[in-house]
1. Can you name the number of the only condition in (1) closer than 21 Å to Arg259 by Cα; (2) without any contact (Cβ under 8 Å) to a residue 60 or more places away in the chain that His523 fails?
2. Could you list, in sequence order, the residues of region 60-84 that are closer than 15 Å to Arg14 by Cβ and surrounded by fewer than 16 Cβ atoms within 10 Å (Cβ to Cβ)?
3. Given region 1-61, what strands (runs of 3 or more DSSP E) lie entirely inside it while holding 2 or more residues that are without any contact (Cβ under 8 Å) to a residue 60 or more places away in the chain?
4. Hand me the list of strands (runs of 3 or more DSSP E) wholly inside region 296-355 holding 1 or more residues that are farther than 23 Å from Tyr244 by Cα and over 30 Å from the mean Cα position of the chain (by Cα).
5. So which residues in region 388-421 are more than 20 Å from Val56 (Cβ to Cβ), surrounded by 14 or more Cβ atoms within 10 Å (Cβ to Cβ) and of a type in the set (Ser, Thr, Tyr), if there are any at all?
6. What are the pairs, 6+ residues apart or on separate chains, where a residue within region 587-607 that is surrounded by 15 or more Cβ atoms within 10 Å (Cβ to Cβ) has its Cβ under 8 Å from a residue that is among the small types (Gly, Ala, Ser)?
7. Mind checking whether some residue in region 568-579 is assigned to a helix (DSSP H, G or I), over 60 Å from the mean Cα position of the chain (by Cα) and at negative phi?
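The values are calculated or read from the model by the stated rules, or taken from the named source; none is laboratory data. What you are looking at is a predicted structure, and each value in this text was computed from that prediction instead of being measured. Methodologically, a virtual Cβ is constructed for each residue, glycine included, from the backbone with ideal geometry; neighbour enumeration extends over all protein chains shown.
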Amino acid sequence: MGMQTFEQLVAPSRVERYEEVLKSIQDAAVRRKVPFTWKKSAGIEQKVNCPATAKVCNIRGSYQNLKGEWVVKRVPFTVTHGDLMESGMKPLAKLEAKYKDNDKTKGVEIVQIQRTGVVSNKDYAKYEKKVLALANNWNPYCNHCNQDGDRRRRDNLTLLAVTAPTKTIKSRKGNVTFKEGDIVQLGSGCMKKYLDIDPETLSKMYELERVKRVGRSAAPQDQSGYGWKTMDIIDFLQRAVMFYGYRAKDYLGRRGLSRQPAGEEAARKLYSAKSEKFVGRYGRTDKGTGVFPARKGMRVMQGRIFRFRDETYMQPYKLKLWGADAMVRAYDDAIAAGVTSDMAVEVPLLDSTGAPELDEKGDPIFTLVPNIDKIPQRVIFKSFDRVLPYSEEVVTLANDIRKWVLKLNPATWTGQSDLIKNWKEILKYGFVGDKTANTAAEMWKEYMIATYDKRREEAILVYQEEQKKLKEEFAKFAIPDGKWFDISKLNGQMVNNFVQTDLEYRKVVNYKGRRQYVNNVCHDRNAGLLWATQANYDKLLEMQKERDEKSKREQEARVIYDKKSSDSGRRYPNSQNLNEETIRKILGWESYTQETIDLLLSTNWRGDEIRYIFMTPDENDLYVANLPTPATPTATPTFLPPIVAVGMAKEPKISQAEAKRKSQNSKKTSTHQGNIGDTINISGYVTFVSRPFRNRKMGSGQTIQLVSDAGNVYVIFWYSSNKPTVGDYIGLEDYDITAHSDYYGMKQTVVNKSGQPYQDLTL
C-alpha cells in the first residue's frame, strides 16, 4: 500500500473548515483501515504578486508586513495517507441538472459538469468525451438502483471512473461488470456504498471548496460574500473601517475632526458606545448609540455589503424577513415547493481580485444573493447599516491598524494588557471567529483614539487649506480682477470700515448655489489678507497715509494742549459767540492744524456753536482786548413754523408696512437727481427713520429716507429735534443736494438745509 504526502497552505479564515474536512476523511479512512494522519504548523507569511510600492493589493487577505512587503497569512497542513481508492474507482465529475426559469415542470435546460479535482487533467482527458455524452443525453438513472432506468427524479449524479481492470457492481437488478476506462453513474444516496468517502469531501482535501451560497470564498466586499463563521483578520479590519468609519464620519459632519477638542478624554468620548449625538438619533436600539456601538463584531463580519442609490450598505445576515440568510432561505423554500420566487437572484461569483469564478469548462459560476429590488426602501434606510465604500483609504487604514497592533507592548497599556495580548493572538492565528469578533473590533477604536490628536491636527490643516482654496475661488468669482494683498500692517479698524462701506464688498453674490457676502470671504482677518483690486489697495494705502498724518497732527495738537495746560491754561467762555475764523485771528492761531483747533474749542451738542475756548491767561487777555464791537440789539424773532413748499398737495398717512413696500419698490425706479450743489424742492412719504447715532460735531442724529411721488429716494441726515415719522407725507423746499450714493443697488440723493425745516402735508 503506497503512502502519499502533500502540503496544503490554508487561509486562516478557513482553517476551522479544513480541519472539519480532514476529520471526516480520517473517520472514513479508519473504517477502511487506511493510514491517514495530518499536522498543522504555525502560520507563515507568503509573498503575493503585488509591488511593495503599491498602495492597495486586490488579493484577498493581503496586507503589508513590517518590511513593507505585500503578503498573505497561510497555515501549512501536512497530510499523509495511504490509498484511499482501493475500491478501483475514482470520483470523476458531478452532473447537475438546471431547469428553465428554475421551474422543474418546464424540463431540463442544461446539465452542468463539475469536476471533483481528484483525477488529474491528463487522466480526465481519457473520459471527457464520455462525460460530455452523458451530460448532453441526460438520463438520470443510477447503476446501483437500476441501470435500465426508474421513475425517480434525480437532479444530481456522480460519475466514477473505473481504474481497476474489471469492476463488478451489485445492483438491485443483478450484478453489472465494468472495465477499466468505463464510467459508473450513481445517485448521491448510493455513492458512499462504493467509495465510503464523499468525493466532494475528498476533493476539498486537495483543493479548497468553492462554496456557492454563503460566499466564504468570495471577496468580503463583494455582494455575494456574507454569513462568515470565520474571516481573515485583514478582511475583518477592512469591514470594521467601513462600518465604524461611516458612523464616525456621520457624527463629525463636514468639518470632521477640525472642530473637535484635543486630548484623550475628548477622543474616548467621541469613540464611545454612547456618543451624545447618536443617542436615539435613529430611533432603534441597535443603532441608536454612538460611534462605536458595543458587541457589533459578528454583525460586521457576517453582513452582506451592496450598493444602493450610490451609497454602500451592509445587510444584516440575521434579520427577520429581510436578513441575507432569511431571503435566500425563502427563495430555496419557494423553489422546493415548485413556486417561482424573486427573493433572490443569481449573480456571478467573484474571486478575491474581482474576476468571475469559472468552472472546469470555463463558464462563470453563479451564486444566489438577496434581491435588492425586493427589499422595501424603508427597511434599507431603517434596519441596514450604511458603511464607507471599499476604497484605497479603507485598505490603507486597515493595514495601518494591523501594523500598529503588532508594535504594541502590553506592559505599557495599564489596565488593558490582556486586551493587547488577545489582539496579538488574533494576529498570530490570522483570523477572526464568533468568539473574537468583538475583541478584534476594538482594534479600530483604540487605534482611532491613539492617533486622534495627530489626525485632528492634520484635519485642521486640511480644512484650513480647503477653506483657503474655496475663498480664493469665490474671490475670483466675486472680484475677477483682484488678488490677495497683505494688509497685516495696515490699521485693522480702518480696513474693516473700508470693507463694510465700500460698494464692491457690500454686495451679495450667488456662488455654487450659496448666497455669500463678499466681505465675509474676501477679507481674511486672521491671515491679514484682503482680496482686492489694485485700485482699492492703492486707496487703502492712501487712507493709511492720511491716517498716519492725522495721527501725527493729533500728537502735535496734544503737545500744544499740554503746553497750554502747564502755562495755567483753562476753559474760558466764548462770551461774544465768536466763530472759529475770528478766534484764530485774535489769538494768532492761524498756523494751528484743525486737530489742534478741535482740541482747544468746545462746541454745543449740535456742533454749530463754540461755547468754550481753552486758553492761557495771556491769551484770554488778548481775546478780551480784541473783542469786536457788539452789534445793536434787535428784537428776538418769534418762532416761525416750517416753511410751506408752494404747490405741494396733501396726502393721507400710510402704515409702516406700506412704507416698507414703497421703499423696496423704489429700488427699481430711483435715480440720482440733479447735480451736487443744486437746490431742489421735494415732496413724498417718509419710508424709514433710523436709530439715533452720534456725530462728534453735530451731536445726536437720525437718517431719514424720503420716497418722492416719482419713486426717487432722498436721504437726510437729520439733526433737528423737530422731525417727521414713518408714514408722514412731507414737503422740503430749497434743499441742497450734497451727495449721490448707492445703497445695495438703490440709487439715493443726499440733501440738506440749515435748520432742516419741513412742511407736514399729511392729511
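1. Single failed check for His523: (1).
2. The answer is Pro76, and nothing else.
3. 36-40, 44-47
4. Ranges flagged: 344-348.
5. Selection gives Ser417 alone.
6. Sorted first by the residue in region 587-607, then by its partner, the pairs are Tyr592/Ala557; Thr593/Ala557; Glu595/Ala557; Thr596/Ala557; Asp598/Ala557; Leu599/Ala557; Arg606/Gly699.
7. Going through region 568-579, the residues assigned to a helix (DSSP H, G or I) turn out to be none.
Scanning region 568-579 turns up no residue that is assigned to a helix (DSSP H, G or I), over 60 Å from the mean Cα position of the chain (by Cα) and at negative phi.
Each row is one residue, and each column tells you yes or no for (1) touching a strand residue (DSSP E or B) at 6+ places or on another chain (Cβ under 7 Å); (2) closer than 30 Å to Gly297 by Cα.
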{"residue": "Trp444", "(1), (2)": "no, yes"}
{"residue": "Tyr463", "(1), (2)": "no, no"}
{"residue": "Glu466", "(1), (2)": "no, no"}
{"residue": "Phe474", "(1), (2)": "yes, no"}
{"residue": "Pro480", "(1), (2)": "no, no"}
